[in-house]
2 protein chains.
Amino acid sequence: MSGKTRVLVIGCGFGGIEAVRALSRARDEVEITLVDRTNHHLFQPLLYQVATAGLSAPAISGPIRHILRPQMRRGNLTILQAEVKAIDAPGRRVTLHDGEQLAYDHLIVAAGATHSYFGHDEWAAHAPGLKTLTDAFNIRQRVVNAFEQAERCEDPARRQAWLTFVVIGAGPTGVEMAGTLSEMARHTLVSEFRRIDSREARVVLVEGSDRVLGSFVPALSQRAAEQLQKLGVELRTGCRVTHIDGDSVRFESTAGTEALPSHTVVWAAGVAGSPLGRALADSVGATLDRAGRVLVQPDLSLEGHPEISVIGDLAAAKSYTPGAEPRPVPGVSPAAKQMGRSAAANVLRRLRGQTTQPFRYADYGNLATVGRKAAVVDLGVPGLGALRFSGYFAWLFWLFAHIYFLIGFRNRLIVLIDWAWAYWTFERNARVVPQAQDHA
Amino acid sequence: MSGKTRVLVIGCGFGGIEAVRALSRARDEVEITLVDRTNHHLFQPLLYQVATAGLSAPAISGPIRHILRPQMRRGNLTILQAEVKAIDAPGRRVTLHDGEQLAYDHLIVAAGATHSYFGHDEWAAHAPGLKTLTDAFNIRQRVVNAFEQAERCEDPARRQAWLTFVVIGAGPTGVEMAGTLSEMARHTLVSEFRRIDSREARVVLVEGSDRVLGSFVPALSQRAAEQLQKLGVELRTGCRVTHIDGDSVRFESTAGTEALPSHTVVWAAGVAGSPLGRALADSVGATLDRAGRVLVQPDLSLEGHPEISVIGDLAAAKSYTPGAEPRPVPGVSPAAKQMGRSAAANVLRRLRGQTTQPFRYADYGNLATVGRKAAVVDLGVPGLGALRFSGYFAWLFWLFAHIYFLIGFRNRLIVLIDWAWAYWTFERNARVVPQAQDHA
């Protein structure tokens with residue numbers, strides 16, 4: 001290890017993994033340590049499928065050590081399962097939760113994002129978000145439990161509260177969750193209950209702005225809204241949530257205030273940078289945006305700290321195209337991957353005495369699924385302009401794009417079979433929860 | 001529902017499911033309620049595969065409501081997810097944990113078994129058993145975590161404690177666990193670590209009696225012991241565990257006392273009847289055997305309470321063959337299924353005014369796997385006597401028998417693919433744990 005540059009990567013999401021892959025090729029120059037709280041890489045775009053019992057957790061996640069086995073073989077990578085507690089930028093080291101310290105020459109922070117409850121952290125207990133496998137199991141358990149509790153209720157009002165599902169936030173995750181919950185109630189669970197009709201379940205999607213999928217063009221938002229309504233989802237745009245307590249959700253709009261009795265609420269509204277962004281702000285005075293993301297230089301490093309890069313969902317980064325205004329980079333997986341490769345290349349440039357390059361995001365488009373046979377696709381085709389479509393063909397496109405990008409051939413195969421099966425049978429195979437839950 | 005006999009079935013393991021299936025055909029005579037704590041039926045014979053990350057939970061379990069959909073359609077079945085707290089036999093009703101009461105005319109108790117720590121309940125926290133999905137996830141997390149902790153250890157003694165796995169009890173579950181853990185260390189994880197060599201892991205299988213797989217003939221026990229040793233498992237027969245505290249395990253034999261530093265201990269030694277056996281003893285004076293199982297009449301009912309049947313692992317039942325001595329029924333899934341069908345038939349006989357029939361166990365043999373390409377098989381072939389074999393062919397036989405009996409075509413297909421893949425690659429696909437664990 002003598003003489004090699006020590007690069008420490010925090011986080012093994014899309015950004016961290018790509019950074020490690022790119023760096024490991026420079027086996028004579030860098031010695032890499034990858035630290036993550038968990039033992040797995042998670043394909044977050046399909047996490048809602050785990051939450052709604054369509055896929056098992058292993059189908060969309062893989063052990064980091066297995067995924068990075070080719071890089072391990074190169075001999076310059078150490079993987080540690082540990083949580084970073086503090087970053088000591090002047091001393092160039094991080095402290096882990098158990099007190100161990102790791103020194104670095106270059107640090108790449110790819111710690112991702114968490115939920116933001118807009119100052120109402122007390123809502124977290126009643127309205128779980130969807131970022132980790134634990135979150136997904138939590139939501140799966142609540143959804144399964146809600147139908148079970150409804151079946152046991154004699155009182156119609158209490159029963160309806162169990163059969164009311166509220167999804168807050170109509171970005172891609174919220175839209176996927178609402179569409180899939182409605183599909184479960186209207187197809188998967190039909191005729192499995194004696195006392196309730198699962199089709200009586202209500203799925204209410206609440207959005208603060210005036211349209212769903214705000215990152216798409218208005219015409220596609222409109223198509224997605226129509227598809228959601230066809231799937232039975234009740235849409236409430238222009239609604240601000242004011243209260244969540246596990247028994248009901250209150251929200252207000254220009255039309256007034258509404259209280260909806262519901263025990264099952266999914267939070268898909270706010271995203272906030274990982275707490276490590278705050279640690280960087282405290283340690284080196286990094287600037288955070290309103291969502292707690294770290295403002296970075298064009299080359300993804302920190303101002304005054306070229307040895308620290310921030311990438312992925314934690315970075316408030318811009319894309320630099322010659323001759324155009326810098327544009328904000330969206331929080332999607334292709335952007336995180338590209339940032340990982342760009343940051344790694346800049347680390348190598350620095351240690352070779354070269355000038356670093358600004359990050360340029362190659363935007364291949366934007367996809368979101370709404371539910372069975374329903375999706376919207378917005379592709380940028382170089383030279384042709386935008387290619388936009390929705391409905392069945394968009395859904396097929398979404399399906400194959402996601403399977404293609406799922407890491408590892410085996411996962412792809414299993415997911416393909418699971419989905420082909422689910423498509424024909426409406427069955428959701430992962431509808432098991434480890435143990436009973438007495439109440440919401 | 002007027003005039004129909006209300007049959008309440010507690011538990012949806014192999015026994016409960018079969019009882020419901022048989023009863024539901026008598027749609028004009030009985031009204032069935034099935035109560036279970038969980039929402040799923042679990043294929044327990046493969047649970048060790050979930051614990052050792054070879055299979056995902058949904059591959060070996062299915063929602064009860066989905067499995068019993070054909071029976072639901074007959075219109076005389078209600079399924080409730082709830083836990084039974086007490087049985088009021090004189091009043092013919094059970095009380096659920098939330099206070100709700102369910103009345104019955106006939107009760108079938110199929111609540112299964114739990115672990116017994118032989119009076120040392122304080123060991124449970126350090127040495128989880130393997131009966132539920134929660135147990136399996138717990139063990140999977142501990143095993144994954146142990147290798148991660150070892151990778152982070154500088155001290156060789158502490159490292160070795162993390163790399164020492166102790167399995168207590170060499171019945172089928174203990175043998176499967178030990179063999180598979182050794183396979184993980186020697187194949188799956190090789191070259192995924194930087195600081196440790198996973199092959200340095202020790203897997204120690206501790207057994208109180210003088211041989212493994214005591215329910216098999218001695219020759220097959222001997223073959224299983226040889227196969228285990230070939231897989232690298234250290235066998236300690238004739239050893240009694242005297243202490244487990246999460247940092248070490250102490251056991252004594254005629255050779256003396258030994259203390260083995262280990263943080264990862266799996267309990268596969270003692271089985272005890274569900275606490276509902278005790279509830280029956282308190283309510284109607286049912287007699288329990290030493291393992292807490294309920295002694296039943298030849299027709300699987302309780303003495304003095306023909307309206308209560310106990311089946312499956314909770315029953316200390318005997319098999320009655322004309323002209324032969326009654327023989328104890330083993331705690332295996334074919335026996336539970338047969339008891340379920342027999343109890344259901346006797347319920348119908350009773351309500352039709354016919355005489356109940358004694359239970360007769362059709363024993364098709366006994367299988368146990370040791371690990372990759374290693375198993376023992378003991379088949380009773382009518383007219384031919386015993387057919388016994390071990391090794392590769394026994395393993396193939398074991399494999400297909402288990403896939404065949406897995407409920408539901410889809411599960412079978414997924415398991416087959418998972419296993420075919422694992423066979424060629426040594427990969428274990430479910431090696432993800434939801435979140436980090438700081439310590440054992």
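No lab work stands behind these numbers, since they all come straight from the coordinates. The shown structure was predicted, so the numbers you read here are calculated from the model rather than taken from an experiment. Backbone-built Cβ (ideal geometry, glycine too); neighbour counts: all protein chains shown.
Computed from the alpha carbon positions, the gyration tensor of region B:19-159 leads to an equivalent ellipsoid with semi-axes of 39, 20, 11 Å, biggest first. How tilted is helix A:392-405 with respect to the longest principal axis of chain A? Cα atoms for both, answer in degrees (0 to 90, nearest 10). Once rounded, one gets 40 degrees. Farthest toward the positive end of the dipole of region B:135-218, out of B:Leu189, B:Ser209, B:Ile139, is the Cα of B:Leu189, where the dipole comes from beta carbon charges about the Cα centre.
To the nearest 0.05, what FRET efficiency results for B:Leu387 and B:Glu303 with a Förster distance of 45 Å applied to their C-beta separation? Between B:Leu387 and B:Glu303 the formula returns 0.75.
If each residue's Cβ is checked for other Cβ atoms within 10 Å, how do B:Trp267, B:Trp123 rank with the fewest at the top?
Lowest to highest Cβ neighbour count: B:Trp123, B:Trp267.
Between B:Arg352 and A:Glu234, the simple label model (points 7 Å from Cα in the Cβ direction) yields a spacing of 5.0 nm. Under a model in which nothing but the beta-carbon of Lys, Arg (+1) and Asp, Glu (-1) is charged, chain B shows a dipole of about 1360 debye around its Cα centre. Rounded to the nearest 10 degrees, the angle from helix B:333-351 to the longest Cα principal axis of chain B is 10 degrees. Each Lys or Arg adds one and each Asp or Glu subtracts one; over the other residues with Cβ under 14 Å from the Cβ of B:Tyr364, this totals +1. Using the Karplus relation 6.51 cos²θ - 1.76 cosθ + 1.60 with θ = phi - 60°, the per-residue 3J(HN,Hα) values for region B:228-238 come to 4, 5, 4, 7, x, 7, 8, 9, 10, 8, x Hz, with x marking Gly and Pro. Based on Cα contacts under 8 Å between residues 6+ apart, chain A shows a relative contact order of 19 percent.
DSSP finds beta bridges in the protein assembly as shown, and of those with both partners inside it, around 55 percent are antiparallel. The dipole here belongs to region B:262-413: it is taken about the Cα centre, uses +1 on the Cβ of Lys and Arg and -1 on the Cβ of Asp and Glu, and is about 500 debye.
For a footprinting-style exposure proxy, rank A:Thr38, B:Thr321 by other Cβ within 10 Å, fewest first.
B:Thr321, A:Thr38
Nearest beta carbon of chain B to the B-to-A rotation axis, with distance in whole angstrom: B:Ser56, 2. With a simple spin-label model that places each label point 7 Å from the Cα along the Cα-to-Cβ direction, the separation between B:Arg278 and A:Asp245 comes to 3.8 nm.
Over region A:73-121, the hull volume per residue, using the convex hull of the C-alpha atoms, is 141 Å³. Picking from B:Pro306, B:Pro156, B:Pro334, which is most flexible by a Gaussian network model of chain B using Cα springs under 10 Å? Comparing B:Pro306, B:Pro156, B:Pro334 in the GNM, the peak value goes to B:Pro156.
Computed from backbone phi, the HN-Hα couplings of region B:60-67 come to 10, 8, x, x, 3, 4, 6, 4 Hz, rounded to whole numbers (Karplus: 6.51 cos²θ - 1.76 cosθ + 1.60, θ = phi - 60°; Gly and Pro given as x).
Among the residues of B:56-69, the average count of other protein chain beta-carbon atoms within 10 Å of the residue beta-carbon is 6.
Built from the Cα atoms of the protein assembly as shown, the convex hull projects on average onto 39.3 nm², one quarter of its surface area.
Please turn the phi angles of region A:270-278 into ³J(HN,Hα) values with the Karplus equation 6.51 cos²θ - 1.76 cosθ + 1.60 (θ = phi - 60°), one per residue in order, whole Hz, x for glycine and proline. Those phi angles translate into x, 10, 9, x, 3, x, 5, x, 4 Hz.
Which entries in the list B:Lys85/B:Lys337; A:Lys131/A:Lys337; B:Lys131/B:Lys337; B:Lys230/B:Lys373 go over 21 Å, if you measure between the two C-alpha atoms of each? The answer is B:Lys85/B:Lys337. Remark on A:Arg372: its backbone amide H falls under 5 Å from none of the residues 5 or more positions apart or on other chains, H modelled at 1.01 Å from N. Counting Cβ atoms of other protein chains within 10 Å of each residue's Cβ and taking the mean over peptide B:249-262 gives 0.
Fewest Cβ neighbours within 10 Å first, please rank B:Glu258, B:Glu200 accordingly. Show your work: numbers first, answer last.
Working: B:Glu258 16, B:Glu200 13.
Least crowded to most crowded, the residues run B:Glu200, B:Glu258.
Kirkwood Rh, region A:235-308, all Cα pairs: how many Å? Every distinct Cα pair counted, the radius reaches 15.4 Å.
Each other residue within a Cβ distance under 13 Å of A:Leu107 adds +1 if Lys or Arg and -1 if Asp or Glu, for a net charge of +1. Comment: the Cα-to-Cβ extended label point of B:Phe118, at 7 Å, lies 6.0 nm from its counterparts in the other copies, nearest first. Relative to the longest principal axis of the Cα atoms of chain A, helix A:409-425 runs at roughly 10 degrees. Sorted from shortest to longest, the distances between the A:Tyr404 label points of this copy and the other copies are 4.3 nm, with each point 7 Å from Cα along the line through the beta carbon.
Dipole magnitude for the protein assembly as shown: about 2280 debye, using +1 per Lys or Arg Cβ and -1 per Asp or Glu Cβ, origin at the Cα centre.
Near A:Tyr320, once Lys and Arg are set to +1 and Asp and Glu to -1 for all other residues with Cβ below 11 Å from its Cβ, the sum equals +1. For chain A, the antiparallel share of DSSP beta bridges with both residues in that region comes to about 55%. Coordinate range of the alpha-carbon atoms in chain A per principal axis, descending: 72, 52, 45 Å. Region B:287-405 gives an Rg/Rh value of 1.06, both radii derived from C-alpha positions and Rh following Kirkwood. Here's how it looks for A:His115: its modeled amide H is under 5 Å from those of A:Ala272, which are all 5 or more places away or on a different chain.
Comparing B:Ser309, B:Ser283, B:Ser198 in a Gaussian network model of chain B (Cα springs below 10 Å), the most mobile by mean-square fluctuation is B:Ser283.
List the equivalent ellipsoid semi-axes of region A:195-270 in whole Å, largest first, each obtained as the square root of 5λ for an eigenvalue λ of the Cα gyration tensor.
The three semi-axes for region A:195-270 are 22, 18, 10 Å.
A Förster radius of 45 Å combined with the Cβ-Cβ distance from B:Ala103 to A:Trp424 puts the calculated FRET efficiency at roughly 0.65. Taking every pair of alpha-carbon atoms in region A:170-329, give the share separated by more than 24 Å as a whole percent. Looking at region A:170-329, the distances longer than 24 Å represent 53 percent of pairs. In this structure, the amide hydrogen of B:Ala86, modeled 1.01 Å from its nitrogen in the peptide plane, lies closer than 5 angstrom to those of B:Thr95, counting only residues at least 5 positions away or on a different chain. Comment: the Cα-to-Cβ extended label point of A:Glu252, at 7 Å, lies 7.3 nm from its counterparts in the other copies, nearest first. Just checking the listed ones, A:Arg372, A:Arg142, A:Arg250: in the Gaussian network model of chain A with Cα springs under 10 Å, the one fluctuating most is A:Arg250. Extending 7 Å from Cα along the Cβ direction at A:Arg360 and again at B:Glu154 yields two label points whose distance is 4.6 nm.
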